[in-house]
Amino acid sequence: MKYFAYGEMMFSAKLHHLIPSATCLGVAKLMGYKLYFHNHGHEDASGKCNIVPVKDPNCEIYGVVYEIDTRYRYLLDKDQSLGCGNQEITLKVFPVASPENHELMRYENGLFAFTYIAHKDNIFEDLVPFNWYKELVLSGAREHHLPAEYIHQLEQYAETHDPNPQRANRQKRYLESILL
């Protein structure tokens, strides 16, 4: 089954830690949606990624399409807090032309993929992401060569330091171990 990752799960190492057999198919865009960091985290009170439909059809977000083995879907559901603040939706995404995207380009008319969005009761406009979470999102965007202007937009979002030093250090070590 096809999964459209637009947040921290764009980062292959993060997804492969959860589901080692996940296969990256390539970069895709979703038209008529906007990205926010207003989804209340399940394990902490920081902002996590969420996408929201907007009236402007020219508004678009980018993400990565993965092939996920149905047998391991429950792991992703649990990690993404399905039923505990998040819900699943299926959307039509469109492949982005690039030399690395040959697998996905056969779906030139778009393909359907599932993803997770925040339940309306889990959206808080005043939230911002912890710096380590935002770095996971940016690492995935850079890894998959999302458009430079989109990465720049992601960089412009406000962030804050995690008040829990153990969690912050654990996340920092995790990210450094992957990037080095």
Practice problem: Consider only pairs whose beta carbons are under 8 Å apart and that are at least six residues apart or on different chains; among these, list those whose first residue lies in the range 23-52 and is aromatic (Phe, Trp, Tyr) and whose second residue is crowded, with 17+ Cβ neighbours inside 10 Å and not in a strand (DSSP E or B). | Solution: Phe37/Leu127; Phe37/Pro129; Phe37/Lys134
Quiz item: Of these, Val93, Val137, which one is assigned to a helix (DSSP H, G or I), within 14 Å of Ile61 (Cβ to Cβ) and of a type in the set (Val, Ile, Thr)?
Solution: Val137
Quiz item: Does the range 42-88 hold any residues that are among the acidic types (Asp, Glu) and part of a strand (DSSP E or B), and which are they?
Solution: Glu60, Glu67, Glu88
Quiz item: Does the range 1-19 hold any residues that are more than 17 Å from Leu138 (Cα to Cα), outside any strand (DSSP E or B) and in contact (Cβ under 8 Å) with a residue 60 or more places away in the chain, and which are they?
Solution: Met1, Leu18
Self-check item: Some residue of the range 151-174 being small (Gly, Ala, Ser) and not in a helix (DSSP H, G or I)
Solution: yes
Quiz prompt | Given (1) free of Cβ contacts under 8 Å to residues at least 24 places away in the same chain; (2) basic (Lys, Arg); (3) farther than 19 Å from Tyr36 by Cα; (4) surrounded by 12 or more Cβ atoms within 10 Å (Cβ to Cβ), number of the condition Lys172 does not satisfy | solution = (1)
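Quick note: the coordinates plus some simple rules give every number you see, no bench work behind them. What you are looking at is a predicted structure, and each value in this text was computed from that prediction instead of being measured. Here Cβ is always computed from backbone atoms with ideal geometry, including for glycine, and neighbour counts include all displayed protein chains.
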